[in-house]
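Engineer: Quick one: structure below, then a few questions.
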Amino acid sequence: MREETAMESAYEELAPAPAAAAVKGGGGSKKKKKHRREGGGEKRKKKEYRLVSYHELPDYMKENRFIINYYRSEWPVLNAVLSLFSWHNETINIWTHLLGFMVFFGLTVLHLGQYFPQVADLIGHLSWPISKVAENVSSNIGDVLSGAAMFMQTSPALASGGMAVASQTTRWPFFVFLAGAMFCLLSSCACHLLSCHSHRLNVFLIRLDYTGIAVMIVVSFFPPIYYIFQCDPQWQVVYLSAITAAGVGTVYALMSPRLSAARYRAHRALLFVGMGLSGVVPAVHAVAVNWHEPRRNVTLAYEGAMALSYLTGTAFYLTRVPERWRPGMFDLCGQSHQIFHALVIAGALAHYAAAIVFIQARDEMGCPAK
Ligand SMILES: [Zn+2]
């Protein structure tokens, strides 16, 4: 549970019995440090650092009445950050999307490394001792940024080893997707980690989380639309502008305090589902245009897996299954939101796999001369 000193000790003493049972470790030396820090404000700090039950929460944090215990409530930011390494009812929600972010970050570095020797160098540097990395970090970042700028400008002709491949298509729509996915996953992490701090931060982070979801949906359209309709640019413009406008409109609507209210939870989810399902229109168009394309079934299978993951995840999110069947039983592990997070990662990875196929196909086929 909490690796940290003051939090851990105060928590061990005051947490309800089942919560205390989840705590591991916590030695005598830690308690001494706690007493040194606490001084006169012992009573106040105990109240802040212990995990509380649903009924003790301020109204703005009462979001899921089927999760009964292990809430952090109005914790200082530092304690909330350190709770990354302890057990409470948001631990798995935080880590599922933090690990997802790390996976997408790794994929991004890997793909950048395929196109820029500078990034390959950077990966090599990262295996050096920490001190060596610290010495070189500023110049490495400079290399990466200049490489990225060069890539955006001269995208079609770059390849590994400095060899130009004439048919290689631009990669920016793919990197837009990877960047958006990382933004979404990291915003979600920040929201689950820190929204227990205060009402103000809670409102801000929830809005950031909504923005992250809308960004994820919009950027998910970029690789398929761009590569499928690369030879018919007017359709790229139509579909990508439409989904971007829908994303901006959705974010704008969700910023209104009215729609942020707990009772509009289902409406918010349906707005996102509507955005995602609008992809059916370009998908039907794409299948019709590429009916004889041999990779049709592979990409449809990946995108079908993505849609199934997202929709199933949303169903768990909305129905709050399984915790509604046994309130309190899934407080730490197995709650609907954790399942939803895992399915979001699965959906994003399926979409990533489809994007790779779209890129390969376009690299091989190019566009017919008109
Ligand atoms: Zn979440």
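The values are calculated or read from the model by the stated rules, or taken from the named source; none is laboratory data. These numbers were taken from a predicted model, which means no experiment stands behind them. As a convention, Cβ positions derive from the backbone with ideal geometry for all residues, glycine included, and neighbour counts pool all protein chains shown.
Engineer: Would you mind stating whether G304 is assigned to a helix (DSSP H, G or I), assigned by TED's automatic domain parsing to the domain that holds C231 and surrounded by fewer than 16 Cβ atoms within 10 Å (Cβ to Cβ)?
Structural biologist: Numbers: assigned to a helix (DSSP H, G or I): yes; assigned by TED's automatic domain parsing to the domain that holds C231: yes; surrounded by fewer than 16 Cβ atoms within 10 Å (Cβ to Cβ): yes.
When the stated conditions are applied, G304 passes them.
Engineer: Considering every residue within region 291-305, establish whether at least one is in contact with a Ser or Thr (Cβ under 7 Å, 6 or more places away or on another chain), modelled with pLDDT of 95 or more and closer than 24 Å to Y210 by Cα.
Structural biologist: Just the residues of region 291-305 that are in contact with a Ser or Thr (Cβ under 7 Å, 6 or more places away or on another chain), to begin with: none.
The answer is no; no qualifying residue exists.
Engineer: Any idea which residue in region 332-368 is nearest to H88 (Cα to Cα), counting only those that are part of a loop (DSSP other than H, G, I, E, B) and either charged (D, E, K, R) or modelled with pLDDT under 95 (or both)? Break it down into steps so the answer makes sense when it comes.
Structural biologist: Taking region 332-368 first, the residues part of a loop (DSSP other than H, G, I, E, B) are 332-335, 366-368.
This time we only want the ones that are either charged (D, E, K, R) or modelled with pLDDT under 95 (or both), so: 366-368.
Values: G366: 52, C367: 54, P368: 57 Å.
Here the answer is G366.
Engineer: While we're here: If I ask for residues that are assigned to a helix (DSSP H, G or I), away from the ligand (no atom under 12 Å from the Cβ) and under 19 Å from M329 (Cβ atoms), which ones from region 85-99 would you list? It would help to see each step written out before you state the result.
Structural biologist: Step one: filter region 85-99 for residues assigned to a helix (DSSP H, G or I), giving 85, 91-99.
Those left that are additionally away from the ligand (no atom under 12 Å from the Cβ): 85, 91, 99.
Within region 85-99, just T91 meets the criteria.
Engineer: Here's something else I'd like to know. Is it true that W325 is farther than 29 Å from E364 by Cβ, out of contact with any helix residue (DSSP H, G or I) (no Cβ under 9 Å at 6 or more places or on another chain) and outside any helix (DSSP H, G or I)? If you could, list the steps in order and put the result at the bottom.
Structural biologist: On the way: farther than 29 Å from E364 by Cβ: yes; out of contact with any helix residue (DSSP H, G or I) (no Cβ under 9 Å at 6 or more places or on another chain): yes; outside any helix (DSSP H, G or I): yes.
The answer is yes for W325.
Engineer: List pairs: first in region 77-104 and touching a residue at least 60 places away in the same chain (Cβ under 8 Å) and at positive phi, second part of a helix (DSSP H, G or I) and crowded, with 21+ Cβ neighbours inside 10 Å, Cβ under 7 Å, 6+ apart or cross-chain?
Structural biologist: Between residues of region 77-104 that are touching a residue at least 60 places away in the same chain (Cβ under 8 Å) and at positive phi and residues that are part of a helix (DSSP H, G or I) and crowded, with 21+ Cβ neighbours inside 10 Å, there is no close pair.
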